[in-house]
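**Student:** There's a structure below that I have some questions on.
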Amino acid sequence: MKKKTLFMCVAVAALLVSCGGKRGGMPNFGDNEYPVVTVDLQNASTQVTYPATIKGVQDVEIRPKASGFITRICVKEGQTVGAGQLLFVIDNETYQAQVRQAQASVNTATAQCNTAKLTYDNSQQLFDNKVIGDFELQSAKNAYESARAGLAQAKAALASAKEALSFCYVKSPARGVVGTIPFKVGALVSGSNALTTVSNISSMEVYFSVTEKDAMTLSAQGLNSLPPVQLQLSDGTIYSHEGKVTKMSGVIDQATGTVQLIAAFSNPEHLLKSGGSGNIIVPRHNSGAIVIPQSCVSEVQDKKFVYTVGQGNKVKYTEIKVDPQNDGNNYIVVDGLRNGDKYVTNGITKLKDGMEIVPITPERYQKKIDEQAKAMTSSDIVNSMKK
């Protein structure tokens, strides 16, 4: 029986505190006492959350320049690769034949050029000895120049064939992590096919958007004025490294009216992956702010009101404007209250505009709640349990 009595006492006390501490009402003290506090400026911190997309600093889409069948895949998904590392090999028999053919053409052109040079040198000696005339010498010279041009053309064709052959060996253009590999050995690919993506994830760029108004404020203050930001991951945890907003787009999205910002985050553990999502948390610090509990605010048609206390301890139904960002427990008032104003903190549902009250401190208010809970526990509840 004692345990039941104690349990009911605690329950009733909790109920009374709840009724007095929220908008639902106020204990019936039998008098007109309401807790009142005076507005005092203080420092307040809030945070703004924006949906964000995570990307590597460098996301390179790997596409082959040569068409053909994949004969070898040299890496695995998620593998870290270096710049110039071989990723894929494409069937290159045709390209090797073209290189051999171009090399043969170079050899032929070289021989022709050497022969033309011997002829020209011989003609030069005959000309010096006045055996042949200018026409024969010039003809030999032209033949030699033509042979040299032919050799240069053959060498260019060889270089082009070798370059085409090199396209069959697909290499990574940068250091990073290999993404999804959709094609397997034997697949026919061309330049229209993305073989994979190599992402440099040593540091990450997180993209998020702000309103045009906020963007104008940032432009005036400069991005350096922004404090470090945090990244909330998709599982709800906060990423261990802070980031810094480094870039802001110069174009406003006409569809959404927003401006894109980029925050840089280090990624030494490679926890962040390119293409991931999360939320950017931007802290906001307000000095000299008016902070009031949400429990003392009533809402009517998207407007917010508090009961202020004026002369003769009469309450006035006063409209206030608050910062849209809040912590879920308090509001930062931007208009409607001033330093030194007094307002009622509890029992606002029983108040009417112009009603005269007896102001008490919140501490006294809580004490009266406790006293009434104790009184109910020792009489009404125990008597009801005996029946």
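**Student:** Please give the length that would be gained between Gln153 and Ser219 if that part of the chain were fully extended, namely 0.36 nm times their separation in residues minus their C-alpha to C-alpha distance (nm, one decimal).
**Tutor:** Value of the extension gain: 18.1 nm.
**Student:** Can you tell me the Rg and the Dmax, both Å, for the Cα atoms in region 34-167?
**Tutor:** 34.6, 131
**Student:** Still on this model: With the convex hull built on the Cα atoms of the chain, state its orientation-averaged projected area in nm².
**Tutor:** Dividing the Cα hull surface by four gives the mean projection, 37.2 nm².
**Student:** Would you calculate the volume per residue, in Å³, of the smallest convex hull containing every Cα atom of region 260-380?
**Tutor:** Hull volume over Cα atoms, normalised by residue count, gives 246 Å³.
**Student:** Just the number, please: carbon plus sulfur as a percent of the accessible area of the chain, 1.4 Å probe, no ligands or DNA/RNA counted.
**Tutor:** Its accessible area is 52 percent carbon and sulfur atoms.
**Student:** Under the Kirkwood approximation for Rh and a Cα-based Rg, what ratio Rg/Rh is obtained for region 103-200?
**Tutor:** Expressed as Rg/Rh, it is 1.40.
**Student:** Just to confirm, what accessible area per residue do you get for the chain at 1.4 Å probe, in whole Å²?
**Tutor:** Per-residue value: 58 Å².
**Student:** If each residue of separation counts as 0.36 nm, what is the full-extension length gain between Ala111 and Glu145 once their alpha-carbon separation is subtracted?
**Tutor:** Answer, rounded to one decimal: 10.9 nm.
**Student:** Tell me the volume per residue, in Å³, of the convex hull enclosing the alpha carbons of region 194-349.
**Tutor:** Here the figure is 180 Å³ per residue.
**Student:** Can you pull out the trypsin sites (Lys or Arg not before Pro) in region 314-371 whose DSSP state is coil and whose Cβ has at most 13 other Cβ atoms within 10 Å?
**Tutor:** Sparse-neighbourhood loop trypsin sites (Lys or Arg not before Pro): Arg338, Lys352.
**Student:** For region 53-121, what is the convex hull volume of the alpha-carbon atoms per residue, in Å³?
**Tutor:** 168
**Student:** In terms of Cα to Cα distance under 14 Å, which aspartates and glutamates are near enough to Lys155, apart from those fewer than 8 places away along the same chain?
**Tutor:** Glu163
**Student:** Separate question: For Arg284 paired with Tyr169, estimate the spin-label separation in nm (one decimal), with each label point 7 Å from Cα along the Cα-to-Cβ line.
**Tutor:** 5.7
**Student:** Taking a ≥ b ≥ c as the square roots of the eigenvalues of the Cα gyration tensor of region 158-283, is the shape rounded (a/c under 1.5), prolate (a/b larger than b/c) or oblate?
**Tutor:** In terms of gyration-tensor shape, prolate.
**Student:** Add -39500 (n - 2.57) for each DSSP H run of 4 or more in the chain, then divide by its residues: what number comes out at 222 nm, to the nearest 500 deg cm²/dmol?
**Tutor:** -10500 deg cm²/dmol
**Student:** Determine, from the Cβ-Cβ distance of Arg63 and Lys130 and an R0 of 51 Å, the FRET efficiency 1/(1 + (r/R0)^6), rounded to the nearest 0.05.
**Tutor:** Computed FRET efficiency for Arg63 and Lys130: 0.20.
**Student:** Moving on to the next point. Express the Stokes-Einstein translational diffusion coefficient of region 144-218 in µm² s⁻¹, to the nearest whole number, given a Kirkwood radius over alpha-carbon pairs, 20 °C and a viscosity of 1.002 mPa s.
**Tutor:** It comes out at roughly 120 µm²/s.
**Student:** Determine the gain in length on full extension of the stretch Ser240-Val48; use 0.36 nm per residue of separation and subtract their C-alpha separation, reporting nm with one decimal.
**Tutor:** Length gained, Ser240 through Val48: 67.3 nm.
The values are calculated or read from the model by the stated rules, or taken from the named source; none is laboratory data. Everything numeric in this text was worked out from a predicted model, so none of it was measured. All Cβ positions, glycine included, derive from the backbone under ideal geometry; neighbour counts span all protein chains shown. Each accessible area value is taken on the protein alone, full model and side chains, heavy atoms only, with ligands, DNA and RNA left out. Shrake-Rupley method; radii C 1.70, N 1.55, O 1.52, S 1.80 Å.
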